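Quick notes on the structure that follows.
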Amino acid sequence: MTTPTGPGDDRLDPSLSAIMSERHQLINLGYRLLGSLAEAEDVVQETYARWYAMSPQQRAGIASPGGWLTTVASRLCLDLLGSARARRERYVGPWIPEPLPGGTEWISGAGGDSTADPADRVTLDESVNMAFLVVLESMTPAQRVTFILHDVFRYSFAEVAEIVGRSPAACRQLASSARRRVRASGSHVTPAAQRADIVRRFKQAWEAKDIEALIGLLAPDATATGDGGGIVPASLHPVQGAEQVACFFAERARAVPEVTVLECTVNGRPGLMARLEDVTVSVLAFDVAGDRIMRIWAVLNPDKLRPWRAD
């Protein structure tokens with residue numbers, strides 16, 4: 001991305017500060033649309049490159065720079081989602097969205113900063129948890145873009161129609177079908193403190209290799225899905241059933257006893273990360289219903305753990 005540099009830049013481009021302030025919003029949008037922080041960052045960089053490729057006169061003629069940036073980023077994401085389907089068909093094993101570290105420390109019970117900019121809080125709300133992102137993966141590109149723009153970012157159907165190249169009525173139908181998918185997924189509402197307690201007890205049972213305790217924390221039809229991307233060993237198919245999941249995790253603990261498991265926030269919810277020799281080798285997200293774990297997603301692909309490896 002090319003941006004003006006040197007003394008007097010703000011005078012040469014008075015809109016620079018306003019334009020750059022859209023970055024967080026665009027990253028948040030791109031991550032929801034793509035399920036990948038790395039790809040979202042690439043989209044935002046390309047969006048800004050296109051902005052600065054225009055002449056100053058062309059930029060001055062845009063009534064809403066923020067709207068222009070959102071439109072371009074959304075269209076880039078729509079194109080990427082189309083090609084992503086083909087790429088994920090060739091992906092080794094299940095594909096899980098890239099997990100995000102959380103800025104809220106749930107272990108200590110501290111809440112988020114209510115004075116923070118909404119764009120900085122957006123990754124902590126319900127629309128970015130792992131269960132929600134997994135449902136988004138089942139949608140068509142047009143469904144996903146329409147649903148996120150309208151239901152999450154509150155764009156009107158007329159505005160969404162211009163972005164996705166459909167009629168407002170068609171976009172309304174896309175959003176409606178997307179909502180049905182979300183409802184059919186059986187998303188679970190469990191108090192944060194209860195989720196944290198269940199995940200903590202899972203960690204303790206896992207470290208103790210206590211199969212009975214693990215089974216007691218898992219729903220009878222619990223599933224565990226691992227994403228190694230063909231780079232590191234991981235099950236090529238989800239592990240299903242409480243006993244099978246419990247035995248799988250107990251066996252992993254025995255196989256790699258030197259791993260340290262830490263509590264953390266994953267996409268705004270209680271999760272765990274496994275570290276080996278001070279390197280994060282796995283991040284686990286959980287879907288909890290009441291006092292049972294329904295689903296576990298374990299990301300082991302090192303390409304998806306880049307945000308977790310920074311010191």
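The values are calculated or read from the model by the stated rules, or taken from the named source; none is laboratory data. This one's a predicted model, so the numbers in the text were calculated from it and none came from an experiment. Ideal geometry is used to build each Cβ from the backbone, glycine not excepted, and the neighbour counts take in all protein chains shown. Side chains are part of the model used for accessible areas, which takes the heavy atoms of the whole protein and leaves out ligands, DNA and RNA. Shrake-Rupley method; radii C 1.70, N 1.55, O 1.52, S 1.80 Å.
Taking the residues in the stretch 174-192 that are surrounded by 11 or more Cβ atoms within 10 Å (Cβ to Cβ) and modelled with pLDDT under 90 as candidates, determine which candidate is nearest to Gln143 (Cα to Cα).
Val182
State whether one or more residues within the stretch 208-218 are farther than 26 Å from Arg90 by Cβ and assigned to a strand (DSSP E or B).
Yes, that holds for at least one residue.
Looking at Gln45, Gln57, can you tell me which residue is more than 20 Å from Leu133 (Cα to Cα), open to solvent by 50 Å² or more (accessible area, probe 1.4 Å) and in contact (Cβ under 8 Å) with a residue 40 or more places away in the chain?
Among Gln45, Gln57, only Gln45 is more than 20 Å from Leu133 (Cα to Cα), open to solvent by 50 Å² or more (accessible area, probe 1.4 Å) and in contact (Cβ under 8 Å) with a residue 40 or more places away in the chain.
Out of (1) over 21 Å from the mean Cα position of the chain (by Cα); (2) open to solvent by 60 Å² or more (accessible area, probe 1.4 Å), what's the single condition that is false for Val256?
Of the numbered conditions (1) over 21 Å from the mean Cα position of the chain (by Cα); (2) open to solvent by 60 Å² or more (accessible area, probe 1.4 Å), the odd one out for Val256 is (2).
Being closer than 20 Å to Gly67 by Cα, assigned to a loop (DSSP other than H, G, I, E, B) and modelled with pLDDT of 95 or more is the requirement here; does Arg166 meet it?
yes
Within the stretch 92-109, track down each residue that is modelled with pLDDT of 85 or more and open to solvent by less than 50 Å² (accessible area, probe 1.4 Å).
Across the stretch 92-109, the qualifying residues are Gly93, Pro94, Ile96, Pro97, Glu98, Pro99, Leu100.
Looking at the stretch 279-291 only, could you name the residues that are touching a helix residue (DSSP H, G or I) at 6+ places or on another chain (Cβ under 7 Å) and open to solvent by 40 Å² or more (accessible area, probe 1.4 Å)?
Across the stretch 279-291, the qualifying residues are Val279, Asp291.
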